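Contents: one structure, followed by commentary.
No value in this document is a laboratory result; all are computed from the given coordinates. Bear in mind that the values here come from a model prediction, so they are computed numbers and not experimental data. Positions of Cβ are generated from backbone atoms using ideal geometry, with glycine treated the same way; all protein chains shown enter the neighbour counts.
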Amino acid sequence: MMEGIGKIRDALGSERLAAALRIQGSALRSVGEFMHKEGFVQLMPVMISPITDPLCHSVYDARVEYAGQELSITKSMILHKQVAVSSPHLPKIYIVSPNVRLEREHLRGSGRHLVEFTQVDMEMRDAGKEEFMGLMERLLCKVIHDVRRERAEELAFLGRRIEAPSTPFPRFDSKKARAEYGEAFEASLSQSLSTPFWLLDHAREFYDREDPERRGCYHNYDLVYPEGFGEALSGGERDWEYETLKRKLAERGQKEESFGTYMEMAKAGHLVPSAGGGFGVERLVRYLSGIRSIAEVSPFAKLPGERFVL
Ligand code: AMP
Ligand code: MG
């Protein structure tokens, strides 16, 4: 018990944490303002559901049983986002969404993985990747601009200098980058660049849009922070047609039945084309603050494989 008190009091006593949280407050206000101006409607988060994001990496299962049904704790709201934008009245949505991902222990020292974190998750009906990527560039520039203006004192205290980047951000094809820099291409590029950049075309989850003419090529993207801070956001255009989704689930060894009403919506022709993405709030704060360890930007940070005290 004493160990718990010590740990929490250490975390809460940190002036660096308080500075990071004030930066977080300004960043979130800036994001909310931007989304509102752009006409996005904010949905409240879904935290338990019969379906969730299958992810493209393996985590421990987080489930609860309720009223005779198996529910997953939300890993991301991607499937709910696709369903929501199928409404003609909700073409642009976003959610400040708590995600639980019981990450494997080896990620404990990554500096950027928590087992619960918050994602700002967005989706736009009938949009393509250019529109969404442009929007994200403008959003990040505004956030940096607002944080520099409002939180000059905190940035100075943390010894952080951060410039608003120029747009458009550089782009790299992930396959070419892998061939040139090896498996750790994201980290290599992030370390060598001083501007945020895009990595395009990743083979991953079944819902990211695969080019129908060029199988194995995906209309998706990651936004990556420079200076070694690594991945900021993942997103993509989405597939929405039943036959395509069904084939891609089968290719990934995933069962259609595990996606219940989502796949029924697809089969009934109710899903629509969209594009979107989500960025982790704690990772944004880490980058803005120049604090390397994600554990230092959250008072109740939970690192993979750790024993939690609160
Ligand atoms: P994903 O769609 O899996 O890439 O997740 C979307 C975004 O959430 C990522 O780009 C990160 O910014 C953030 N994120 C993902 N996993 C974690 C994690 N375990 N801890 C903190 N942030 C995360
Ligand atoms: Mg990702």
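Structure above, values below:
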{"quantity": "Number of the exception - Val120 against (1) touching a helix residue (DSSP H, G or I) at 6+ places or on another chain (Cβ under 9 Å); (2) not in a strand (DSSP E or B)", "calculated": "(2)"}
{"quantity": "Conditions (1) over 18 Å from the mean Cα position of the chain (by Cα); (2) under 23 Å from Leu28 (Cα atoms); number of the one not met by Ser234", "calculated": "(1)"}
{"quantity": "Residue list for segment 144-195, restricted to those being more than 23 Å from the chain's Cα centre (by Cα) and acidic (Asp, Glu)", "calculated": "Glu150, Glu153, Glu154, Glu180"}
{"quantity": "Condition check for Ser86: within 19 Å of Ser274 (Cβ to Cβ) and within 12 Å of ligand 1 (Cβ to nearest atom)", "calculated": "no"}
{"quantity": "Residue in segment 250-268 that is at positive phi, within 16 Å of ligand 1 (Cβ to nearest atom) and more than 20 Å from the chain's Cα centre (by Cα) present", "calculated": "no"}
{"quantity": "Qualifying positions in segment 262-282 - under 22 Å from Val100 (Cβ atoms) and touching a Leu at 6+ places or on another chain (Cβ under 9 Å)", "calculated": "Tyr262, Gly277, Gly278, Phe279, Gly280, Val281, Glu282"}
{"quantity": "Filtered residues of segment 251-309 (kept if in contact with a strand residue (DSSP E or B) (Cβ under 6 Å, 6 or more places away or on another chain) and of a type in the set (Gly, Ala, Ser))", "calculated": "Ser274, Ala275, Gly276, Gly277, Gly278, Gly280"}
{"quantity": "The listed residue being of a type in the set (S, T, N, Q), farther than 23 Å from Ser86 by Cβ and within 16 Å of ligand 1 (Cβ to nearest atom), out of Ser194, Ser174", "calculated": "Ser174"}
{"quantity": "Selection count, segment 287-310, where residues are over 16 Å from Arg108 (Cα atoms) and under 17 Å from the mean Cα position of the chain (by Cα)", "calculated": "2"}
{"quantity": "Residue in segment 232-248 that is surrounded by fewer than 19 Cβ atoms within 10 Å (Cβ to Cβ), over 18 Å from Val285 (Cα atoms), among the hydrophobic types (A, V, I, L, M, F, W, C) and out of contact with any Pro (no Cβ under 8 Å at 6 or more places or on another chain) present", "calculated": "no"}
{"quantity": "Near pairs, Cβ below 7 angstrom, 6+ apart or cross-chain, from segment 112-123 (within 13 Å of Val100 (Cβ to Cβ)) to any residue that is assigned to a strand (DSSP E or B) and aromatic (Phe, Trp, Tyr)", "calculated": "Gln119/Phe279"}
{"quantity": "Of all residues making up segment 226-253, the number that are polar (S, T, N, Q) and under 18 Å from Met77 (Cα atoms)", "calculated": "1"}
{"quantity": "Residue check for Val120: more than 22 Å from Trp198 (Cα to Cα), surrounded by 18 or more Cβ atoms within 10 Å (Cβ to Cβ) and of a type in the set (A, V, I, L, M)", "calculated": "no"}
{"quantity": "Residues (surrounded by 17 or more Cβ atoms within 10 Å (Cβ to Cβ) and in contact (Cβ under 8 Å) with a residue 40 or more places away in the chain) located in segment 146-161", "calculated": "Asp146, Val147, Glu150, Arg151, Glu154, Leu155, Leu158, Arg160"}
{"quantity": "Residue match in segment 241-258 (condition: among the small types (Gly, Ala, Ser) and either closer than 21 Å to Glu123 by Cα or within 13 Å of ligand 2 (Cβ to nearest atom) (or both))", "calculated": "no"}
